[in-house]
Structure formats: C-alpha cells, structure tokens
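This report concerns only the one structure given below.
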Amino acid sequence: MRPAGRLEESPTQEILKLTTLLQVSQSLSGTLDLKAALHEVLATLARHHNAVRTIVILLNKETQELHVEASDGTGRPGQHTRYKIGEGVVGKVIESGKPIVVPKMSHEPSLAQAGGKSDQHPEECSFFCVPVAVDRQTVGALCVTVKFRTDRIYERSTKFFGIVGSVIGQALKVQRLVAAQHKRLVTENARLKQELREGYDFSSIIGNSGPMRRVYEAVAQVARTNTTVLVRGESGTGKELIAQAIHYNSLRSKKPFVKVSCGALPDTLIESELFGYEKGAFTGAHTTKKGRFELAEGGSLFLDEIGDVHLSTQIKLLRVLQEREFERLGGTEPVNVNVRLIAATNKDLEQAIAQGSFREDLFYRLNVFSIFIPPLRERKPDVLLLADHFLERFASEHGKDIRRISTPAIDMLTAYHWPGNARELQNVIERAVLVCDGHVVHAHHLPPTLQTAEASGTVMSVSLTDALEAYEKDLLQDALKSARGNRAKAARLVRTTDRIFNYRVRKLGIDWKRFKG
C-alpha cells in the first residue's frame, strides 16, 4: 500500500472530478435500469480518468456468490476471473468493507495477469478497489484500473472512487426498494383480483329462492359468451351485482370492468365520458382524453340506468353496437373497440319507446339477452338470508358483538313489502346495528316504517299500553327462544319469577310450546 502523495491536485483535476460525479449521479438517477446506468458510469470513468478497465461486482445475498454486474474495457486476459468472498483483492474488500489500493499491479500476484506489466500490457497499471454499500452493509465493489503515474495522489483518488462507489450503492438501494415495492404491488394486485373474482362468484350472491335460482341459471348461460346483456329490475334489486357476476365469470374477467351511471351524468357530459374527446374539441380540452369505451378495452362496460341516456347519445351507442367503432368528441378518426356491453335499467323501456324517449332500434340491440331481477317482495325466503348477511357485515364494520335477530324482528322484516328492495333492507339492518346496545336485534331497533307499516298504507295508532305490551312480548319470546321453550330458564333470563313469567305469557297469548327444540 502506498501512502498519500504530497503533491496537490490542480484546479482542472478537481473540476474534472466534480464533473464526473455530476454525470455519474445523472446516469444513476435518470433510469431504473441499473445495468444500463452502470455501463454509463463506467464509460464516464474511462473517458474522464483514462481508466483502462472498470468493473462493478455485486454480491447475491441469497446465494452469497459474487458476479460481474457491469464492466468496461474487459476484452483482455482476466475477464473471466471468478471472485469469492475473502479471496484476492476484490474478495477481501467485500469481506472487510474497506478499500484496497495496489499502486503497481505487477507486484500483486493475483492481479499481475489482470492488468499488471507484462508482454501483453507493457505499461504498468494501478488498481483501486472500493466497497459498494447499502445501509452500511457491503454488497459489492467498484474496481478501477488506471495507468501508473508517479505523481498520482493515491489517497485522493481512493476517496474519489469511494464516493463513486457510495453513489452506486445509493442507486442500488433505490433499485432494490423499487423492485421490492413492485413485487409487493404485483402480489397485492393478484390477491385483490382473486378476492374480486371470489366476491362476485355466484356463491357470494345472497338468495336461494326460486326466482333467484332462475337468475343464476341465466347468468351462467350468458357469462362465458360475448353477448350484450340487458339487466332489468326495480331500483335496489342488485342489478350492478349481477353485471359484475357476469363479467368476473366470463372470459374477460382479467380485463377491466368499467361502470358508468348514465343517470348521474348530465346530457352535456355523458358523450365525452363515454367516447372521450380530442385536444381542442371544446374550451378546456387541453389534452386528448380516452372515454369509458376505450378504458374498458378487452373487458366489459356496464351502463347503468341506460333508459336515462339522451337520444343524441343513443345514436352513437347504436353505432358502437353495430360497427364496434366510434369517433371521439371533436375527432374524425374512427376508434375500434373490443368491449362487451352490459346495460341495466329500472324503467319500462317499451313504454319509453312508445313515448319517443328511447330508440326502438337501440332497444333491440340491447335486448339480445335479458335478465330480470325480481323485487324483494317476490322472494320473501331471501329476506332472512340477506338480513343475516348484512347483520354480520355491519356488526364487524362497527365493532359490535351482535349475534342474531329476534323472532318478532324477523316477523316484521318478512311481513314488510320492501319498496326499496335489498338496498332498503341493507340500510335498515345497518341502522339496527347502530342503535342496538346488546347481542340481539329486537323489533324496537327497527325503523318506525317497519313497526307501523307506514310505507305500506296500513298506518295505525299505537297506544303506550300496546307499545309496552309489544315490547314485553318481544322480550319474552326471545327468552323462550334462547331457553328452547324451558319457561323456568326463560324466567331466569329476564330476571323474574316462574309465576309472573307464566302469567305474562298467558296474558300476552304467547305459544311457548313452539319454542321447544
């Protein structure tokens, strides 16, 4: 090892080093392709510092093997040299994390054939090997071979190459962080897609009534085709859920599922949302924007509330369905699309055609395969299944230990006619979960519209005595259900005597025998 020289570097040399560091930093920060960036760095060292040979050697942390990540000027003997931790100059640098300088390579046996003075290399060379570290852990080395000079200040050169090695280490750290983040994102994306497919599998749709089984059969028939589907049904019946089930059980399941609520978009915006627009098409159109049709390329486009689309937009929709192409707003070039269209409406389209608000030819194009979602009042067996599903979901979301719905509350849920369908039931159960202060949802936790049947037109006046008796009847029935018809045990649950409990059961007309199990 040679001590630092006493000569001072010239201002030109200092400027050259600063310029080199700037270019090295720019090369490493300008791309995530580390191998390409390292080649630029080594070329910079060769160009500015007359490096004969430069190599970046990295350690594989899994196999603990060293490999050449990038090199410059290695077309000479020694280019196939193998490196091991602790062996030779490179191995010792990576093992110790400290730089090693060999002023005359011909004096170092392990380097003599790699660039020392010989018949093939008549000029003597100097060798610098500095560590490359990530988070203070040596993960590789930068090796630089330069022509021997008697006036070289080795200490300064070592510090300079050490700085270059540090910059390489920082770039390597960033590259590894990005790679790890990308791997996490890919894994998370795959997991979410799998959950999405499972979430819209047929088994996740709640309902086993006869009308719903017919819906499942229709979805199974059409899902794996490219046929246009029209989903019809009242508001709140779950038309979007059926549309998603069609997409995620189709051959397009890995492609986008794009949703558009036609009723939520004004007539002036829906065309640009569906078909996009060209730059300068209107004031504020500073860039070209893709529409929902283009965003759904290869997948499915769900047009909810299709009956609310303006007539002028219906004409362009008809062309897309017929020709599979359209023009962006303000454009003249046709855009071809490969999209499956799923439409939904709660309107009577036949009546809309008669009134002139919906095109008959578009209706026939949409109505290739029609699926009708029955209202909740026509599938009463599904009410309890849906109620239990929503109860479990909202109890978990709101952190409550609510385990079941009482019998009187179930009777009220099944007796109600549900004009808002499953969406109304969902809101009712969420409200009940919020106001419930125990483990069971009782009738008094349900909203007044269910308790008084106000929405069904059978409003009645309830006195305080009747309301108290109804509440008491609810509690006693719930106790009998928990005690499986054992009146003595039920009396203890409500903290009263057997005599009083039996008296109240008889007075309220409760058939305790039906709770035996």
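For Gly307, the conditions (1) open to solvent by less than 40 Å² (accessible area, probe 1.4 Å); (2) more than 22 Å from Ala352 (Cβ to Cβ); (3) among the small types (Gly, Ala, Ser); (4) more than 20 Å from the chain's Cα centre (by Cα) all hold with the exception of (2). Would you confirm whether any residue within region 364-382 is touching a residue at least 24 places away in the same chain (Cβ under 8 Å), open to solvent by 10 Å² or more (accessible area, probe 1.4 Å), out of contact with any strand residue (DSSP E or B) (no Cβ under 8 Å at 6 or more places or on another chain) and within 17 Å of Gln314 (Cα to Cα)? Yes: one or more hits. Are any residues in region 32-63 surrounded by fewer than 14 Cβ atoms within 10 Å (Cβ to Cβ) and under 17 Å from Phe160 (Cα atoms), and if so, which ones? Result: Arg47, Asn50.
Within region 229-241, residues that are more than 11 Å from Asn367 (Cβ to Cβ) reach no partner that is modelled with pLDDT under 90 and not small (Gly, Ala, Ser) with beta carbons closer than 6 Å at six or more positions or on different chains.
Given Phe202, Phe282, which one is over 27 Å from Tyr364 (Cβ atoms), open to solvent by 50 Å² or more (accessible area, probe 1.4 Å), in contact with a strand residue (DSSP E or B) (Cβ under 8 Å, 6 or more places away or on another chain) and modelled with pLDDT under 85?
Phe282
The rows are residues; the columns are (1) in a loop (DSSP other than H, G, I, E, B); (2) open to solvent by 30 Å² or more (accessible area, probe 1.4 Å); (3) under 14 Å from Ile57 (Cα atoms).
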position	(1), (2), (3)
Ser126	no, no, no
Gly140	no, no, yes
Val146	no, no, no
Arg149	yes, yes, no
Glu155	no, yes, no
Phe160	no, no, no
Gly165	no, no, yes
Ile168	no, no, yes
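In this structure, Arg365 does not qualify as of a type in the set (Lys, Arg), out of contact with any helix residue (DSSP H, G or I) (no Cβ under 8 Å at 6 or more places or on another chain) and outside any strand (DSSP E or B). The residues of region 254-278 that are surrounded by 18 or more Cβ atoms within 10 Å (Cβ to Cβ), in a loop (DSSP other than H, G, I, E, B) and out of contact with any Phe, Trp or Tyr (no Cβ under 9 Å at 6 or more places or on another chain) amount to a single one, Leu265.
The values are calculated or read from the model by the stated rules, or taken from the named source; none is laboratory data. Quantities reported herein were computed from a predicted structural model and do not represent experimental measurements. All Cβ positions, even for glycine, are placed from backbone atoms using ideal geometry, and neighbour counts span all protein chains on display. To get the accessible areas, we keep the full protein, side chains included, count just its heavy atoms, and leave off ligands, DNA and RNA. Shrake-Rupley method; radii C 1.70, N 1.55, O 1.52, S 1.80 Å.
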